[in-house]
Amino acid sequence: MLTNAKKMIGSLTEIAIALLALAIVASLLVGEANMAFLGDVVGNITGLVTELGQAGLAGLIALGVVLAILQQK
């Protein structure tokens, strides 16, 4: 039961990452003004990276934890 839940969460995460990549590409191709239903995807990611950069060591550790979680299979 727990393994099925982990597989489902992993699949949902993969779908979310694919949708995020699609939103980034679509936003860059047609512009933010034409993507009102997705919002400012590129701006949000840029803001997140800026916040992590300003956080110094804590931001670097948080980024490392997120990357480690995403790379687990």
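Derivation of every value follows stated rules applied to the coordinates shown; laboratory data play no part. Here the structure is a predicted model, which is why all the values come from computation and not from measurement.
Computed over the chain, the convex hull of the alpha-carbon atoms projects to a mean area of 6.1 nm². For the range 16-29, the Karplus equation 6.51 cos²θ - 1.76 cosθ + 1.60, evaluated at θ = phi - 60°, returns couplings of 5, 5, 5, 5, 5, 4, 4, 5, 5, 4, 5, 5, 6, 6 Hz by residue, with Gly and Pro reported as x.
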